[in-house]
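The values are calculated or read from the model by the stated rules, or taken from the named source; none is laboratory data. Keep in mind that what you see is a predicted model, and the values were worked out from it rather than measured. Here Cβ is always computed from backbone atoms with ideal geometry, including for glycine, and neighbour counts include all displayed protein chains. Side chains are part of the model used for accessible areas, which takes the heavy atoms of the whole protein and leaves out ligands, DNA and RNA. Shrake-Rupley method; radii C 1.70, N 1.55, O 1.52, S 1.80 Å.
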Amino acid sequence: MNIAESETMRAMLAGEDNLVVVNSCAVTAEALRQTRQAIRRARREAPAARLVVTGCAAEIDRAAIGAMAEVDGLVANAAKLDPRAWNVPMEAPPVAPARTRAFVAVQNGCDHACTFCIIPQGRGASRSLTVAQVLGEIEVHLAAGAREVVLTGVDLTSWGHDLPDAPRLGVLVEAILAAFPALPRLRLSSVDGVEIDPLLFDLLAGEARMMPHLHLSLQHGADLILKRMKRRHLKADALDLVARLKALRPEMAIGADLIAGFPTEDDAQHAQSLAIIDELGIVHAHIFPYSPRPGTPAARMPQVPRDVARARAAELRTRAATGRAAWLAGLVGETLPVLAERGGTGYAPNYAPVALPPGTAAGTIIDVTPSGLREGLLQ
Ligand code: SF4
């Protein structure tokens, strides 16, 4: 989301002189710390520039960020893509054409209230781009040479609920595939598995241009903790979804977000998170130690000691790394169509990273049959 929005702001503010914009994040305490660091570094690197902060930190920690000596101004998160908020004389923000993979933010904000999450406070209520707006953005990206589109959002599967007739995400995906028959690759960023609609399921299971890569905002492997997180799914829902998908499309690669050390989590519940990594075959894992966010219900629950949360996160990462290494090793000898990016590497449809022959132009899709694996990269 922030990559897509930063690219748009960069294009929108291209004419501005001596302006530094920090597009911040506040999803964890660590993200907030890095935001402050980025602000100080930006000021050191551009002592005379006008420094403006936007993003969730500017929303959630407005007073403290605004009080920093380095900061000249704040722009509200909801307004950061509005040219008027920057006094830029244009009707709508331009689309910043990507070169190989285009991140298209089709939805913003969130109407859920997971007990650990600060995002709804930073990004507001859920709202969707219309199908026409999404197709318009993708057209610009494809004209600039993008070969893959990644649909992103804060709560992607809630796309459409605020539009007439409340279409589901499957409708949008189907419309994109129909409107752009030459688009070779369409990928979803992270989704709430339990909110995947039947049409989207069928497209994921059977449409070759839909990448066989599903990243779940899973968060935990124990039902009691999922309930205390106020998530909308239980372990069985995730197991069932993945089993049904892999039955129809065995090459489907599963990714997931997992939080370690959520308040009240005990050893047995942690063990269930370890187990779900193998049960779902998670090969793209994003694992975070729980980070208490002031103003969230979970921050008022009995906390797990920080060192325990960190140790559990490390254990989850080790488990996930083992599964990932075995998965990558299993791809050696298999011919994969890889989308080349800058830097001599690219991604296969299942998001496996692959090293490419020297001189492979970014944006081309070439067949590669890896003969080995080095440092997590198929060769
Ligand atoms: S779905 Fe939950 S975790 Fe995701 S943004 Fe909304 S409140 Fe946060």
Are there cysteines in the chain with no second cysteine's Cβ under 4.7 Å away, and if so, which?
Cys25, Cys56, Cys110
Nitroxide proxy distance, nm - points 7 Å out along Cα→Cβ at Ala166 and Asn18:
5.2 nm
In the full protein assembly as shown, how much of His233 is accessible to a 1.4 Å probe, in Å² to the nearest 10?
10 Å²
Just to check, using Stokes-Einstein with a Kirkwood Rh over alpha carbon pairs, what's the diffusion coefficient of the stretch 149-291 at 10 °C and 1.306 mPa s in µm²/s?
100 µm²/s
Distances over 27 Å make up what percent of all Cα-Cα pairs in the chain?
54 percent
Once the whole set of protein chains is in place, how much accessible area is left on Val194, using a 1.4 Å probe, in Å² to the nearest 10?
60 Å²
Given Cβ point charges of +1 (Lys, Arg) and -1 (Asp, Glu) and nothing else, what value in debye, to the nearest 20, does the dipole of the stretch 2-86 about its Cα centre take?
240 debye
Leaving out ligands and nucleic acids, and using a 1.4 Å probe, what accessible area per residue does the stretch 2-86 come to in Å²?
49 Å²
Tell me the accessible surface of Ile196 in square angstrom (1.4 angstrom probe, heavy atoms of protein chains only), to the nearest ten.
30 Å²
Equivalent-ellipsoid semi-axes (√(5λ), Cα gyration tensor) for the stretch 336-378, whole Å, largest first?
14, 11, 9
Give me the percent of the accessible area of the stretch 292-379 that comes from carbon and sulfur atoms, probe 1.4 Å, all protein chains in place.
57 percent
For the stretch 284-379, compute the orientation-averaged projected area of the C-alpha convex hull (one quarter of its surface), in nm².
8.4 nm²
What distance in nm separates the simple spin-label points at Asp82 and Lys230, each placed 7 Å from Cα in the Cβ direction?
2.7 nm
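Got a number for carbon plus sulfur as a percent of the stretch 2-86's accessible area, 1.4 Å probe?
51 percent
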Where does each of Trp159, Trp327 land when they are ordered by accessible area, with a 1.4 Å probe and the largest first?
Trp327, Trp159
